[in-house]
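Step one of this worksheet: look at the structure below.
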Amino acid sequence: MINYKAATFAQEREVKHIIREVGKTLIIRLLKILSEGELNTGCIKPELVKNWLSEINKKYSTRLSVSRICQQIHAFQRQHNLDPVISELLSGSDNVKTSELPYSHIRQEQVQDFVNLYSDWLIEITGNEKWKIEPMDQWTLVDPDSSIGSPLYLQEDAIKNCNIQHIQHLAELRDKGIARIVDFHNSYSLYIYRLICLASGYRPVVGACGRISDICLESGKCWISDKERREGVAARMIVLPEIAIQQVENYIGHLDSLHFFAHSQIHEVTDHIALIKAGHADMLFFIDEGQVIQISPKTLKPYMTEQFPVAPNWHRHFLRSFLMTR
């Protein structure tokens, strides 16, 4: 049995219809050699293992240690290009600063598949059949769809439905013309924000999605710097999908139309759009009573609460968990 609870384990009741349920435990079938010995009862103490390894090292002139043996599963994971999250879960990693466990929705079947591959590999290198997995008939109550980790691997239908409704709302605002141009801009900025974040994994920070100058529209390359670090460089370069590039181009066209409207009505917006086009200001912004409002978790919250009431970094959980299935 594996016990794990992510920080996002508890969710608000009103969003249970779009999140994926998770539990606190997973049950997996162990290697036969483990279930046959005292290790299955948890009676082996660390001191006993260290003494046992010390005797082996003296007898065979080896340098085995508990930590080196524990690292074997990570070596297997790297050698076979498997997801490091599973090996971290199995080895009990508690390095939350570098672990991607909190962002991952992990199904029982994914963990068991990893253990099965590890079992086959151990049999191959040792020639010992006791590394086999316990037979399935002893574990008839195991649910392959049970999950632990993040519930923010949102249901795909919920994301699609939200986007469809958003696009329909934009069309309704556009049809109302100049009278609703500010409302249209704010809703359109939110749409572009969600699209780019879902396409890139951009963190929900102040100035999220960056500047127009951060994106090369010809190659699709996007420079992202969304995390401060005391040491080293946290920026990265990714390639945005074609749909995201198309929407950025459409958004630039929208800014031209907004600039024409605001030129005689909202001078602050006119000046801000000029800065955006020159690459000196963040691309996305809201308008409130003629004032330019910077995109940030605080300013996004009213829009997200009304339309998509989940944690603002849900897309990073979704991407991490979705890519685990590919």
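What pairs come out if I take residues in segment 160-178 that are more than 15 Å from I18 (Cβ to Cβ) and pair them with residues that are of a type in the set (D, E, K, R) whose C-beta lies under 9 Å away, six or more apart or interchain?
Filtered contacts from segment 160-178: E172/R180; L173/R180; L173/D183; R174/R180; K176/D183.
Mind checking whether some residue in segment 191-204 is in the same structural domain as T305 (by TED's automatic domain parsing) and over 23 Å from L170 (Cβ atoms)? Show your work before the answer.
Of the residues in segment 191-204, the ones in the same structural domain as T305 (by TED's automatic domain parsing) are 191-204.
Next cut, over 23 Å from L170 (Cβ atoms) only: 201, 203.
Yes, there is a match, as at least one residue in segment 191-204 is in the same structural domain as T305 (by TED's automatic domain parsing) and over 23 Å from L170 (Cβ atoms).
Mind checking whether some residue in segment 117-128 is under 19 Å from the mean Cα position of the chain (by Cα) and in a helix (DSSP H, G or I)?
First, the residues of segment 117-128 that are under 19 Å from the mean Cα position of the chain (by Cα): none.
No.
In this structure, does Q265 turn out to be part of a helix (DSSP H, G or I), out of contact with any Lys or Arg (no Cβ under 9 Å at 6 or more places or on another chain) and either surrounded by fewer than 18 Cβ atoms within 10 Å (Cβ to Cβ) or outside the structural domain of H185 (by TED's automatic domain parsing) (or both)? Break it down stepwise before answering.
Working: part of a helix (DSSP H, G or I): no; out of contact with any Lys or Arg (no Cβ under 9 Å at 6 or more places or on another chain): yes; either surrounded by fewer than 18 Cβ atoms within 10 Å (Cβ to Cβ) or outside the structural domain of H185 (by TED's automatic domain parsing) (or both): yes.
Taking the combined requirement at face value, the residue does not satisfy it.
For segment 55-67, check the following and say yes or no: at least one residue is surrounded by 11 or more Cβ atoms within 10 Å (Cβ to Cβ) and modelled with pLDDT under 85.
yes
Just to be sure, is H272 in a loop (DSSP other than H, G, I, E, B) and either in the same structural domain as Q108 (by TED's automatic domain parsing) or more than 17 Å from I196 (Cβ to Cβ) (or both)?
no
If you check L255 against the conditions, is it in contact with a Cys (Cβ under 9 Å, 6 or more places away or on another chain), closer than 21 Å to G207 by Cβ and of a type outside the set (S, T, Y)? I'd like the intermediate steps shown before the answer.
Working: in contact with a Cys (Cβ under 9 Å, 6 or more places away or on another chain): no; closer than 21 Å to G207 by Cβ: yes; of a type outside the set (S, T, Y): yes.
The answer is no for L255.
May I ask you to list the residues in segment 262-275 that are aliphatic (A, V, I, L, M) and in contact with a strand residue (DSSP E or B) (Cβ under 8 Å, 6 or more places away or on another chain)? Spell out how you get there, then give the answer.
Just the residues of segment 262-275 that are aliphatic (A, V, I, L, M), to begin with: 262, 266, 269, 273-275.
Residues satisfying the conditions are I266, V269.
Which condition does T305 not pass, out of (1) surrounded by 13 or more Cβ atoms within 10 Å (Cβ to Cβ); (2) of a type in the set (S, T, Y); (3) closer than 20 Å to L152 by Cβ; (4) without any contact (Cβ under 8 Å) to a residue 40 or more places away in the chain, if it passes all the others?
That leaves (1) as the condition not met.
Have a look at L152, L195 and point out the one that is under 19 Å from the mean Cα position of the chain (by Cα) and part of a loop (DSSP other than H, G, I, E, B). Even if it seems obvious, please write down each step before you answer.
Values: L195 fails: part of a loop (DSSP other than H, G, I, E, B).
Result of the check over L152, L195: L152.
Find all pairs meeting these conditions: Cβ atoms under 8 angstrom apart; at least six residues apart or on different chains; first residue within segment 97-116 and among the aromatic types (F, W, Y); second residue surrounded by fewer than 22 Cβ atoms within 10 Å (Cβ to Cβ) and in a loop (DSSP other than H, G, I, E, B).
F114/L82; F114/D83
The values are calculated or read from the model by the stated rules, or taken from the named source; none is laboratory data. Being a predicted model, the structure only gives us computed values, none of them experimental. Reconstructed Cβ throughout: ideal geometry from the backbone, glycine too, with neighbour counts over all protein chains shown.
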